[in-house]
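J.: First the structure, which I've put down as structure tokens, then a few questions once you've had a look.
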Amino acid sequence: MQGDLENAGLAAELESGLLEGEFAPEERRPERQFCVFRAGRERFCLSVLEVEEVVDWPIVTRIPLAPAFLMGVFNLRGTIVPLMDIAFTEGRRPGLLPKHVVVAALKGDAHREDLRLGIAADEVIGTYTATDESLLDQAPAEVPHCRGMLRHEDRLALVVDLRRLTDVFPVPVI
């Protein structure tokens with residue numbers, strides 16, 4: 001009978017998640033992952049849920065009379081993808097092309113179709129896990145296509161909002 005009582009007490013402690021000398025586990029804060037990259041002199045990031053892949057610099061076909069931010073289009077396994085340079089305002093040195101393309105996907109809504117978009121990146125820094133404490137809700141006013149900033153490695157990366165990006169830099173439907 002006493003063994004049954006001890007087992008019942010142990011079962012109750014296991015159910016509550018606490019054993020003698022243990023502390024309640026810390027509540028896990030919600031985490032999100034971001035792909036951080038450099039375009040020009042700035043660091044930017046996108047949620048990994050929006051990033052389809054990162055590719056080496058492809059063969060780019062320029063589009064006549066295209067706006068300055070539209071570097072052209074490229075073929076990604078049979079799909080034509082527009083390529084944007086979100087750092088075009090800084091002016092790139094002639095002949096110095098970015099090294100990578102971050103391919104992002106923007107889900108459509110009632111007014112727009114799904115869009116696949118390439119963003120020119122000079123360097124892909126990595127993927128980082130962030131909690132709400134490392135995210136700042138404010139972005140510089142002169143960067144309207146960003147919705148906040150991510151603190152990582154004692155630096156800040158601007159969080160790109162793909163919907164705002166396509167509003168600020170309208171990409172023609174191809």
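The numbers here are math on the coordinates, done by the rules we state, and not lab data. In this text, all values refer to a predicted model and were calculated from it rather than measured experimentally. Reconstructed Cβ throughout: ideal geometry from the backbone, glycine too, with neighbour counts over all protein chains shown.
J.: For the stretch 109-157, what is the largest minus smallest coordinate of the Cα atoms on each principal axis, given in angstrom and ordered from greatest to least?
T.: 38, 24, 23
J.: Once the piece of chain linking V60 and E153 is laid out straight, how much longer is it, given 0.36 nm per residue of separation minus the C-alpha distance between them?
T.: 30.2 nm
J.: On to the next question. How many nm is it between the label spots at L97 and E52, if each spot is 7 Å from the Cα in line with the beta carbon?
T.: 2.0 nm
J.: Going 7 Å from the Cα of A110 in the Cα-to-Cβ direction, what parts of the stretch 138-169 have a backbone nitrogen less than 20 Å from that spot?
T.: 163-164, 167
J.: Dividing the alpha-carbon radius of gyration of the stretch 28-144 by 2.2 N^0.38 Å (N being the number of residues), what value is obtained?
T.: Relative to the 2.2 N^0.38 Å estimate, the stretch 28-144 comes out at 1.13.
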